[in-house]
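Taking it in order: structure first as structure tokens, then the write-up.
The values are calculated or read from the model by the stated rules, or taken from the named source; none is laboratory data. Note that the coordinates shown come from a computational prediction; the quantities given were computed from them, not determined experimentally. All Cβ positions, even for glycine, are placed from backbone atoms using ideal geometry, and neighbour counts span all protein chains on display. Only protein heavy atoms, including side chains, enter the accessible area calculation; ligands, DNA and RNA are left aside. Shrake-Rupley method; radii C 1.70, N 1.55, O 1.52, S 1.80 Å.
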Amino acid sequence: MASINGVDLVYTVNGAGPLLFAVSSGWGVGSSYLSHALAPLTERFTVVVISTRGSGGSSRPVDESAMGTSVMADDIEHLRRYLGLDLIDLFGHSNGGAIALGFAARYPAACRRLILADSQVVGLSAREVTSAIIARRADDPRFSKAVSALIEMGPFVFEDQAITDVLTSTLPLYFFDPVKNAQKAIETFDLPINSWATRTQMTADSLPEARQIDLLDKITAKTLVIVGEDDFQTPVAISEHIAAGISDASLTVITECGHMPWFEQPEIFYAAIIKFLAN
């Protein structure tokens, strides 16, 4: 644990080899899922998984407004300095990708390589694509209950169990093959979801100044963008936008794969990362 930037930030270190930092999503899901996702890489790399402020054992800031994605990006820079490192390679998935993107844009001299998997960009929506995917899956028995749960969902109730129920009831939509993968994914999450982190991050990231759309051209790190072709949460269009906006970026689209490629296409996912970090 490191006491930095006004919080106690928890991080874990596993494996042997070159350092690879990874940052969890900031909305209260914790970091166990990410440690599970990257565990096979510990055979080749020393993987440092960061639990974002306010969840996963990391403490809450005194000021709730300091729970935005941009502040979480600053936490990575404070941790880099705390550990006395010049440059880091950084992995982020989903909202963790937005945090990693923010770090690479705000501190370009500190980020050597960047891996963005099914990444969010705060302020960038692919709502039409997401809606089309949902409509296409409505009559598929593998997805129909999740689609109904999503359609019938009212305003967020910011209670731990309520947010957890939203996640678990809609999770099949996150996969190409939910029958095979949804339950396995649930078993890797830190449940229940920390609804305080959900609420405070959503509030902070809803502000106009939180938008990341204009940050992409500030990133100088060599970047690998990975996305599942069937990702409904952060569709391919978002990753295409990211790759087009970063000067030294390559895009890998994985077929028969949703939002969590380490479950559905692990060989392709890990091989792409290992090849990227070797160059």
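Miscellaneous remarks
- In order along region 225-234, the phi-based Karplus estimate (6.51 cos²θ - 1.76 cosθ + 1.60, θ = phi - 60°) of 3J(HN,Hα) comes to 10, 10, 8, x, 4, 9, 6, 8, 6, 10 Hz; Gly and Pro are listed as x.
- Gyration tensor (alpha-carbon) shape descriptor, region 194-239, a/c threshold 1.5: oblate
- Taking amide H as placed 1.01 Å from N in the peptide plane, Lys222 has its amide H under 5 Å from the amide H of Leu114, each at least 5 places away in sequence or on another chain.
- Highest to lowest packing among 247-259, 71-83, scored as the average C-beta count within 10 Å: 71-83, 247-259
- Percent of beta bridges antiparallel (DSSP, the chain, rounded to nearest 5): 25
- Between region 172-200 and region 1-61, the alpha-carbon center distance in angstrom: 18
- In region 92-192, Rg over Rh equals 1.03, where Rg is the alpha-carbon radius of gyration and Rh the Kirkwood radius from pairwise Cα distances.
- Here region 214-273 and region 80-154 have alpha carbon centers that stand 9 Å from each other.
- The simple spin-label model puts a point 7 Å past each Cα toward its Cβ; for Ile186 and Ser3 those points are separated by 4.0 nm.
- Cys111 long-range amide H proximity, modeled H, under 5 Å: Ile88
- The phi torsions of region 160-176, fed into the Karplus equation with coefficients 6.51, -1.76 and 1.60 and a -60° offset, translate into couplings of 3, 5, 5, 5, 4, 5, 4, 4, 5, 6, 9, 4, x, 5, 7, 10, 6 Hz, rounded to whole numbers, with Gly and Pro shown as x.
- Long-range amide H partners of Ile254 with built H, under 5 Å: Val227, Gly228, Glu229
- Rg/Rh ratio calculated on Cα atoms of region 142-279 (Kirkwood radius): 1.00
- Extension gain for Glu209 to Ala109 (0.36 nm times residue separation, less C-alpha to C-alpha distance): 33.7 nm.
- Each of Leu150 and Arg127 was given a label point 7 Å from its Cα along the Cα-to-Cβ line. The distance between the two points is 1.4 nm.
- Scaled against the 2.2 N^0.38 Å expected of a compact globular protein of N residues, the Cα radius of gyration of the chain reads 0.93.
- Under the convention that each Lys and Arg Cβ holds +1 and each Asp and Glu Cβ holds -1, the size of the dipole of the chain around its Cα centre is about 460 debye.
- The modelled label-to-label distance for the pair Thr12/Asp160, using points 7 Å beyond Cα in the direction of Cβ, is 1.9 nm.
- Dividing the summed helix terms, -39500 (n - 2.57) for each DSSP H run of n ≥ 4, by the number of residues in the chain produces a 222 nm estimate of -11500 deg cm²/dmol to the nearest 500.
- Taking the 1.4 Å solvent-accessible surface of region 128-231 as the whole, the part contributed by carbon and sulfur is 55%.
- What a 1.4 Å probe finds exposed on region 1-45 is 53% carbon and sulfur by accessible area, rounded to a whole percent.
- Per residue, in Å², the accessible surface of region 14-88 once ligands and nucleic acids are set aside, probe 1.4 Å: 38
- Using distinct alpha-carbon pairs, which all enter the 1/r mean, Kirkwood radius of region 72-151 in Å: 14.7
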